[in-house]
Amino acid sequence: PGEPTETPPPPPAPCPDANTRITSPGMNAAVSGWVSINGTANHAQFQFYKVDYAIGDNPATWNTIGDVRGSAVVGGQLASIDTRGLPNGPAWFRLTVVDQTGNFPPPCSVRVIISN
């Protein structure tokens, strides 16, 4: 009793495919400044992946962060973004992994709160 406890980090996004996963930031994490988006982008017939962002809770428009990337990532940095140019409030990061046939498993999306 009386001991301070650390707040656990937000849980990772509930992604439907283990090879298309954002592990951080976690769901509803508060982010500011440069944000590193980490996880796994892999597939048996990997062609490329992309990370997009969107503003608001029900976004109609998604914007790709940087370029599409032609190398798979397992447990590493997928992309990074400077949130200082984005409005404060809810936003989404979305990871899509595309295979050699142009197909892709369901994307992984994580909701964050921009607070610069």
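The values are calculated or read from the model by the stated rules, or taken from the named source; none is laboratory data. Just so you know, these numbers come straight off a predicted model, no measurement behind them. All Cβ positions, glycine included, derive from the backbone under ideal geometry; neighbour counts span all protein chains shown. Each accessible area value is taken on the protein alone, full model and side chains, heavy atoms only, with ligands, DNA and RNA left out. Shrake-Rupley method; radii C 1.70, N 1.55, O 1.52, S 1.80 Å.
Go through the residues of the range 30-52 one by one and say whether even a single one is free of Cβ contacts under 8 Å to residues at least 40 places away in the same chain and closer than 14 Å to S109 by Cβ.
No: zero hits.
Quick test for you: out of V35, V110, V98, pick the one residue that is over 13 Å from the mean Cα position of the chain (by Cα) and in a strand (DSSP E or B).
The conditions single out V98.
Please tell me if A30 is over 23 Å from N103 (Cβ atoms), assigned to a strand (DSSP E or B), among the hydrophobic types (A, V, I, L, M, F, W, C) and open to solvent by less than 10 Å² (accessible area, probe 1.4 Å).
Answer is no for this residue.
Is at least one residue of the range 55-78 assigned to a helix (DSSP H, G or I), open to solvent by 50 Å² or more (accessible area, probe 1.4 Å), farther than 23 Å from P14 by Cβ and modelled with pLDDT of 95 or more? Explain how you work it out, then say what you get.
First pass over the range 55-78, keeping only residues assigned to a helix (DSSP H, G or I): none.
Checking the range 55-78: not a single residue is assigned to a helix (DSSP H, G or I), open to solvent by 50 Å² or more (accessible area, probe 1.4 Å), farther than 23 Å from P14 by Cβ and modelled with pLDDT of 95 or more.
Considering every residue within the range 40-50, establish whether at least one is surrounded by 11 or more Cβ atoms within 10 Å (Cβ to Cβ), touching a helix residue (DSSP H, G or I) at 6+ places or on another chain (Cβ under 7 Å) and among the hydroxyl-bearing types (S, T, Y).
no
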